[in-house]
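For reference, the structure is listed below as structure tokens.
The values are calculated or read from the model by the stated rules, or taken from the named source; none is laboratory data. Keep in mind that this is a model prediction, so the values were computed, not measured. Cβ: placed from backbone, ideal geometry, glycine included. Neighbour counts: every protein chain shown.
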Amino acid sequence: MRQPAAEAPEAGTRGVLSLRGISKTFGAVAALADIDLDVSAGEVLALVGDNGAGKSTLVKVLSGVHAPTAGTITFQDEQVTISSPAVAQRLGIATVYQDLALCENLNVIENLFLGQEIRPTRLNSVAMEVRSWELLRQLSAKLPTLRIPIASLSGGQRQTVAIARSLLGDPKVVVLDEPTAALGVAQTAEVLNLVERLRDNGHAVIMISHSMPDVRAVADTVAVLRLGRNNGVFPVRDVSNEDIIAAITGATDNVVTRRAERSGGAAPGTKSDTVPGGDTPPGEDDPS
Amino acid sequence: MTDTDTDTGTTAAAVATDLQDERLRRRTGVKGALAGGLDRIRGGDLGLVPVILGLVVIAIVFQSLNQNFLSSANLGNLLMESVPVGMISLGLVCVLLTGQIDLSVGSVSGLSSAITAVLFVNQGMSPWLAVAAAVAGGAIIGLVYSQVFIRFGVPSFVITLAGLLAFMGVQLKVLGKDGSINLPFDSGLVRFAQLDFVPGWLSYVFVVAIAAGLFGTGWLGARERRLAKLSATSTAVLAARSVAVLIGFGAVVWYLDRGRGIGWMFVLFVVLALLLNYALTRTGWGKSVYAVGGNVEAARRAGINVNAIYTSVFVLGTSLAAAGGVLAAARLAAANQSSGGGDVNLNAIAAVVIGGTSLFGGRGSAFSALLGILVIQSISSGLTLLNLDSAYRFTVTGVVLLLAVMLDSVARKSRASHGRA
């Protein structure tokens with residue numbers, strides 16, 4: 001099922017970020033082995049894979065939390081070492097983590113500007129508040145006030161804050177780790193709109209997702225990881241859900257197809273909205 | 001405060017950017033501000049309310065037992081007495097805000113007393129040079145702590161417990177055989193800690209300056225917010241606040257001036273508390289300190305140099321502890337083997353916690369050191385007036401500390417159930 005990772009997604013776009021031969025081992029466990037990945041400006045790359053496939057490890061390599069054991073990272077035609085989150089931020093790689101990494105004791109504005117305050121010696125709270133409202137209105141965020149601690153917000157509201165924060169530094173690459181996993185229907189749509197807006201603004205977006213409809217809705221390219229290895233890169237237009245699921249599970253005869261056959265022979269592509277092993281999005285997420 | 005007491009009456013057309021959500025309850029004027037404050041307290045966001053109430057209760061109890069307690073002479077003395085340990089508490093606030101602790105501040109202050117006395121008296125150095133050397137010594141200790149903490153990951157509790165013992169030993173060594181060194185009474189250091197009081201007229205100037213400064217910065221801030229189309233505190237509320245400060249502080253100064261007035265040492269303490277408050281609330285460093293205390297992993301991923309923050313708070317903690325030791329030596333006009341010993345350590349920690357800084361990190365303010373040490377010192381002074389010895393003082397202070405931590409825990413639960421941090 002292995003396919004060469006050689007799709008050039010669109011003519012005229014150039015690669016912003018390329019990974020070659022990235023490996024990461026934790027003791028005896030090879031979490032990532034020989035990963036290649038390319039993403040271009042104005043492209044949404046969906047990164048899919050079963051639990052334990054190494055998606056989150058790859059995100060941590062990109063964001064400077066873990067240093068890769070081997071391999072090279074090329075960012076805007078220059079080979080770089082992402083040694084810390086601060087370096088990643090300076091380069092222009094912004095990451096929204098699955099656990100969001102927000103400080104619950106700080107309020108929304110303080111969280112948005114954490115580590116990148118305007119005028120750090122005499123905080124310009126007015127400018128930060130104005131910019132925060134701008135950003136959050138742009139994302140159609142439903143926050144009654146920004147001066148409450150993050151602890152008071154619902155999961156969806158926190159997700160919005162985390163995404164808004166990633167956009168502050170005007171990044172070239174935005175990495176979203178399961179951005180819609182905890183969101184309600186409307187907020188999921190908002191996040192997907194936002195992902196498209198990022199692409200239209202020329203950002204490169206890497207989105208980890210378990211949700212096939214979300215992947216099909218916004219992604220240009222799907223890269224599949226399986227057990228820490230590349231298992232195919234497909235342009236979304238030309239690939240069926242069966243192929244993606246087969247690449248994820250490693251076989252055309254898998255638990256998803258068998259389940260589909262049992263329940264009346266419908267094609268898995270139309271029946272299963274969620275990739276096997278993925279977290280089913282919890283239903284509603286209304287703040288009130 | 002800024003959320004509730006807003007100026008919405010002036011322009012009906014444009015609602016401020018931060019008040020457009022229909023779920024927000026509109027509250028205006030002084031009444032609205034009070035209602036909002038009451039809501040926050042019910043939600044477990046107690047702020048400085050418990051410690052201020054505590055001070056009032058202590059004042060009533062001791063005044064009814066001994067009518068000298070609230071005399072200007074005793075209050076003036078109480079303020080001066082609270083400065084050395086208060087200084088130590090100020091540094092501890094920073095350490096506690098990051099969720100760490102420094103148990104060795106007493107020993108460090110004792111060592112710094114000893115260094116000051118030895119360099120100044122025995123070696124004949126200039127007193128200011130001796131003070132600088134003592135404070136620098138404190139800073140170096142903090143640097144060592146932070147390096148051990150960062151590089152080896154030893155819990156700060158253990159590092160500083162080791163420091164507690166080790167620096168007590170160094171202090172004895174520095175003092176040598178005599179074990180006690182007296183500072184000359186005519187030296188500037190001792191005069192500063194015992195005899196230098198702010199002249200009456202200047203105290204009033206300070207009060208007016210504080211009130212005017214409060215109004216000025218508030219008004220400028222409000223104007224900036226209105227220009228940016230955000231809600232802002234109305235001028236009436238700002239003026240009311242400044243007038244309240246003017247009358248309140250004015251009355252305090254007038255009353256203290258019946259006695260000896262306000263000591264310069266206490267002024268220094270208040271200025272340092274204000275500076276620290278500014279650093280914690282209005283700088284990127286301060287936000288980083290709170291962030292590290294709230295969620296260190298989030299802080300690291302936000303690009304904050306977490307190790308630098310830990311280093312800065314440990315160094316600040318031990319430097320201010322050393323400064324407190326210098327002032328303690330100056331106040332006593334001596335450094336001896338018991339300098340910084342006894343209950344100094346726990347009083348400093350208790351003051352910060354009583355003042356409302358959480359032991360769990362990420363919550364508190366610079367003023368908690370100021371108010372907390374006033375509680376501790378009031379209890380100590382009141383019990384001394386009643387001729388009760390340190391047996392009672394230790395016990396009462398211990399009970400008050402326990403009450404403060406219990407309040408902190410209860411408030412935490414209440415915040416959780418009301419959806420606040």
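This table checks each residue for (1) in a loop (DSSP other than H, G, I, E, B); (2) over 20 Å from B:N277 (Cα atoms); (3) within 14 Å of another protein chain (Cβ to nearest Cβ).
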residue: B:G317; (1), (2), (3): no, no, no
residue: B:L320; (1), (2), (3): no, no, no
residue: B:V326; (1), (2), (3): no, yes, no
residue: B:A329; (1), (2), (3): no, yes, no
residue: B:A351; (1), (2), (3): no, no, no
residue: B:S365; (1), (2), (3): yes, no, yes
residue: B:S368; (1), (2), (3): no, no, no
residue: B:L374; (1), (2), (3): no, no, no
residue: B:Y392; (1), (2), (3): no, yes, no
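Here are some conditions: (1) within 12 Å of chain B (Cβ to nearest Cβ); (2) over 21 Å from A:I82 (Cα atoms); (3) crowded, with 22+ Cβ neighbours inside 10 Å. A:A151 meets all but one. Which one does it not meet?
That leaves (3) as the condition not met.
Yes/no matrix, rows are residues, columns are (1) modelled with pLDDT of 90 or more; (2) assigned by TED's automatic domain parsing to the domain that holds A:N230; (3) outside any helix (DSSP H, G or I):
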residue: A:G71; (1), (2), (3): yes, yes, yes
residue: A:I82; (1), (2), (3): yes, yes, yes
residue: A:N111; (1), (2), (3): yes, no, no
residue: A:L114; (1), (2), (3): yes, no, yes
residue: A:R131; (1), (2), (3): yes, no, no
residue: A:I163; (1), (2), (3): no, no, no
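Just a yes or no: is a residue in the stretch A:98-116 touching a strand residue (DSSP E or B) at 6+ places or on another chain (Cβ under 7 Å), within 25 Å of A:A219 (Cα to Cα) and surrounded by 21 or more Cβ atoms within 10 Å (Cβ to Cβ)?
Checking the stretch A:98-116: not a single residue is touching a strand residue (DSSP E or B) at 6+ places or on another chain (Cβ under 7 Å), within 25 Å of A:A219 (Cα to Cα) and surrounded by 21 or more Cβ atoms within 10 Å (Cβ to Cβ).
Which of (1) closer than 25 Å to B:L65 by Cα; (2) surrounded by fewer than 21 Cβ atoms within 10 Å (Cβ to Cβ); (3) not hydroxyl-bearing (S, T, Y) is the odd one out, the single condition B:G382 does not satisfy?
Checking B:G382 against (1) closer than 25 Å to B:L65 by Cα; (2) surrounded by fewer than 21 Cβ atoms within 10 Å (Cβ to Cβ); (3) not hydroxyl-bearing (S, T, Y), the one that fails is (2).
Residues being farther than 30 Å from A:V39 by Cβ and more than 8 Å from chain B (Cβ to nearest Cβ): count how many of those fall in the stretch A:96-116.
Of the residues in the stretch A:96-116, 2 are farther than 30 Å from A:V39 by Cβ and more than 8 Å from chain B (Cβ to nearest Cβ).
Let me spell it out: the conditions are (1) within 14 Å of chain A (Cβ to nearest Cβ); (2) in contact with an Asp or Glu (Cβ under 7 Å, 6 or more places away or on another chain), and B:T357 meets all of them except one. Which number is the exception?
If we test B:T357 against (1) within 14 Å of chain A (Cβ to nearest Cβ); (2) in contact with an Asp or Glu (Cβ under 7 Å, 6 or more places away or on another chain), just (2) comes out false.
I need the full set of residues from the stretch B:126-180 which are under 13 Å from B:A114 (Cα atoms) and not in a helix (DSSP H, G or I), in order please.
B:G176, B:K177, B:D178, B:G179, B:S180 - these are the residues of the stretch B:126-180 that are under 13 Å from B:A114 (Cα atoms) and not in a helix (DSSP H, G or I).
Please go through the stretch B:258-291 and pick out each residue that is at the interface with chain A (Cβ under 9 Å from one of its Cβ atoms) and part of a helix (DSSP H, G or I).
Across the stretch B:258-291, the qualifying residues are B:Y278, B:T281, B:R282, B:G284, B:W285, B:G286, B:K287, B:S288, B:Y290, B:A291.
Of the residues B:V344, B:V296, only one is touching a residue at least 60 places away in the same chain (Cβ under 8 Å) and within 14 Å of chain A (Cβ to nearest Cβ); which?
From the options B:V344, B:V296, the qualifying one is B:V296.
Return the residue satisfying two criteria in turn: it lies in the stretch A:130-146 and is more than 10 Å from chain B (Cβ to nearest Cβ) and among the small types (G, A, S), and of such residues it is nearest to A:V161 (Cα to Cα).
The selected residue is A:A141.
So, in the stretch A:117-129, how many residues would count as being surrounded by fewer than 17 Cβ atoms within 10 Å (Cβ to Cβ) and either more than 10 Å from chain B (Cβ to nearest Cβ) or among the β-branched types (V, I, T) (or both)?
Going through the stretch A:117-129 one residue at a time, the tally reaches 2.
Among the residues of the stretch A:76-95, which ones are at the interface with chain B (Cβ under 10 Å from one of its Cβ atoms) and touching a residue at least 60 places away in the same chain (Cβ under 8 Å)? Before the answer, list the steps.
In the first step, residues of the stretch A:76-95 are kept if they are at the interface with chain B (Cβ under 10 Å from one of its Cβ atoms); the result is A:84-90, A:95.
Selection gives A:Q89, A:T95.
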